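**Q** One structure is given below, represented as structure tokens, and several questions about it will come after.
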Amino acid sequence: MNENTDILVDIMSEQTATAAGRGQVEFEEAFTLHHRTVFRAARSVVRDAGLAEDVTQETFLRLYHHLDSISCEEMLRPWLIRVAINVAKNAVRGNIRANTREENYVKESGNQAVASVEADYEELAGVSEIYKALNKVKEPLRSCLILKQQGLSYKEIASSLDLNESSIGTYVARGRQEFARVYGGGKGTV
């Protein structure tokens with residue numbers, strides 16, 4: 001009887017491992033293929049590599065929990081981008097609230113905020129100027145422009161941002177014009 005139990009347990013564990021393996025391969029494949037794109041989309045919103053990585057992890061955690069609900073492999077990338085953008089926007093809102101609380105504390109205590117080394121580096125490198133100019137570009141032009149620069153097709157951009165696919169080209173072109181105008185008339189082209 002003990003031998004039969006061991007055989008049954010072995011068979012069940014093999015079946016469970018095979019079923020779990022099939023699910024893991026799909027998730028691992030999606031992670032491998034789309035991690036960089038999700039990170040870039042998150043970074044474009046939160047403007048901080050550490051926070052973007054947190055957003056990326058949250059995005060793939062949500063994918064893991066909703067993997068069964070995604071039926072079309074072709075729509076996986078736009079779904080991931082949409083989730084990443086939404087999670088990133090929520091993170092930014094949370095950071096704004098936290099920063100407001102910190103600023104109020106600093107005002108009350110009389111201490112001055114010290115700029116971080118990373119912020120100083122971005123200032124020196126000119127990256128912050130690009131972000132400032134990019135922030136002045138209106139939505140959805142900015143998001144279309146960023147996603148196009150990351151290599152997404154018009155269809156993927158439209159699906160990610162819930163826009164009409166036929167207007168994406170116009171949004172990208174207008175976004176480029178607006179960025180060039182704000183950034184200094186062609187000082188940097190996107």
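**Q** So, in region 161-170, exactly how many residues are in contact with a helix residue (DSSP H, G or I) (Cβ under 7 Å, 6 or more places away or on another chain) and surrounded by fewer than 14 Cβ atoms within 10 Å (Cβ to Cβ)?
**A** Residues flagged as in contact with a helix residue (DSSP H, G or I) (Cβ under 7 Å, 6 or more places away or on another chain) and surrounded by fewer than 14 Cβ atoms within 10 Å (Cβ to Cβ) within region 161-170 amount to 3.
**Q** I want to confirm something. Restricting to region 126-150 and keeping residues that are part of a loop (DSSP other than H, G, I, E, B) and touching a residue at least 24 places away in the same chain (Cβ under 8 Å), which single residue is nearest to His34 (Cα to Cα)?
**A** Per the stated criteria, the residue is Gln150.
**Q** Restricting the search to region 147-160, which residues are surrounded by 20 or more Cβ atoms within 10 Å (Cβ to Cβ) and of a type outside the set (S, T, N, Q)?
**A** Leu147, Lys148, Leu152, Glu156, Ile157, Ala158
**Q** Step by step: first the residues of region 53-91, then only those that are surrounded by fewer than 16 Cβ atoms within 10 Å (Cβ to Cβ), at pLDDT below 90 and among the aliphatic types (A, V, I, L, M), then the one that is farthest from Ser160 (Cα to Cα). Which residue is that?
**A** Leu67
**Q** Looking only at region 32-47, filter to residues that are in contact (Cβ under 8 Å) with a residue 60 or more places away in the chain and of a type outside the set (Lys, Arg); which one of those is nearest to Leu76 (Cα to Cα)?
**A** My answer is Thr37.
**Q** Evaluate the following for Arg43: is it at pLDDT below 90, outside the structural domain of Ile146 (by TED's automatic domain parsing) and under 20 Å from Tyr131 (Cα atoms)?
**A** So Arg43 does not fit the description; no.
**Q** Suppose we filter region 56-83 for residues that are hydrophobic (A, V, I, L, M, F, W, C) and over 17 Å from Gln150 (Cα atoms); how many remain?
**A** Total meeting the criteria: 6.
**Q** Kindly indicate whether Glu156 is outside the structural domain of Arg40 (by TED's automatic domain parsing), in a helix (DSSP H, G or I) and among the acidic types (Asp, Glu).
**A** Judged against the criteria, Glu156 is a match.
The values are calculated or read from the model by the stated rules, or taken from the named source; none is laboratory data. This one's a predicted model, so the numbers in the text were calculated from it and none came from an experiment. A quick note on method: Cβ atoms are made from the backbone with ideal geometry, for glycine too, and the neighbour counts reach across all protein chains shown.
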